[in-house]
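Before any comments, here is the structure.
The values are calculated or read from the model by the stated rules, or taken from the named source; none is laboratory data. Everything numeric here is computed off the predicted structure, so don't read it as measured data. Here the Cβ is made from the backbone with ideal geometry for all residues, glycine too, and neighbour counts use every protein chain on show. Just the protein is used for accessible areas: all its heavy atoms, side chains included, with ligands, DNA and RNA removed. Shrake-Rupley method; radii C 1.70, N 1.55, O 1.52, S 1.80 Å.
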Amino acid sequence: MILERCPWCLGDIKNQYYHDSEWGNPNFDENSLFEFLILETFQTGLSWRIIINKREFIKKSFSNFNIKKIAKYDIIQINNLLKNKNIIRNKLKIESTILNAQAFIKIQQKEKSFSNYIWKFVNGVPIQNNFKTQKEIPKQTKLSMIISKDLKKRGFKFVGPIVTYSFMQAIGLVNDHLISCFRHTELVKKI
């Protein structure tokens, strides 16, 4: 039996694996949430395919997404990252990763965890969308605008409403798998 998938993941094995095993899964793990936030901010202006293909290099280069280590990066680490040809060498994105780690830690301290903070926006229950085509899926929503505004207020960078919505999709705050996709039904059953 051939499984039907969302069209955006077809034609690339890493994208398909990400789609099948991670994208849209309700995620409550602090390190994983931070990883997806950073990957989404690096995606700004680029395709997800570029990010997914550089994911392991980015992870290794950024201390395996160790939030506390990244929050303490200094000019030496920034300069080393800017020389690393295996990652996205954008100074603003690199510097924002450090600021975002610091802001992430502040939320953890205030809210007990980032997971508590981000999942409060949906009362702990993923939004289940029922889109039939890729064109129906929005780039941003009212909720992504609200979350984006709040993240920015808390010191985060590169978290506009579009990036925030992509982050919401990645961590399962919303289920945007098409209804024809086998993952849509799987995720609905998890609720």
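Partners of K69 within straight-line reach, counting lysines whose Cα lies under 21 Å from its Cα and excluding those fewer than 8 residues away in the same chain: K54, K59, K60, K83, K91, K93, K106, K110, K112, K157. By a 1.4 Å probe calculation restricted to protein chains, R154 has an accessible surface near 70 Å², given to the nearest 10.
Ranked by the mean number of other Cβ atoms within 10 Å of their residues, highest first, the peptides 157-163, 111-117, 85-91, 61-67 come out as 157-163, 61-67, 111-117, 85-91. Model label points for F121 and Q140, set 7 angstrom from Cα along the Cα-to-Cβ axis, are 1.2 nm apart.
Once the Cα gyration tensor of the stretch 34-84 is diagonalised, what are the square roots of 5 times its eigenvalues, in whole Å and ordered largest first, as equivalent ellipsoid semi-axes?
Details: eigenvalues 72, 31, 19 Å².
Over the Cα atoms of the stretch 34-84, the semi-axes work out to 19, 12, 10 Å.
Based on the reciprocal of the average 1/r between different C-alpha atoms, the Kirkwood radius for the stretch 1-59 equals 12.5 Å. Taking Lys and Arg as +1 and Asp and Glu as -1, the other residues whose beta-carbon sits under 11 Å from that of N25 total -2. Ordered from highest to lowest accessible area with the whole protein assembly present and a 1.4 Å probe, E136, E30, E40 read as E136, E30, E40.
For the chain, the 222 nm mean residue ellipticity estimated from helices alone, with every DSSP H stretch of n ≥ 4 adding -39500 (n - 2.57) and the total spread over all residues, rounds to -17500 deg cm²/dmol.
Computing Rg and the Kirkwood Rh from the Cα coordinates of the stretch 93-171 gives a ratio, Rg/Rh, of 1.00. The reciprocal of the average 1/r between distinct C-alpha atoms defines the Kirkwood hydrodynamic radius, which for the stretch 71-116 equals 11.6 Å. Shown here is the pair-distance distribution of the chain: with all Cα-Cα distances grouped in 10 Å bins from zero up to the longest one, the shares run 9, 37, 36, 16, 2, 0 percent.
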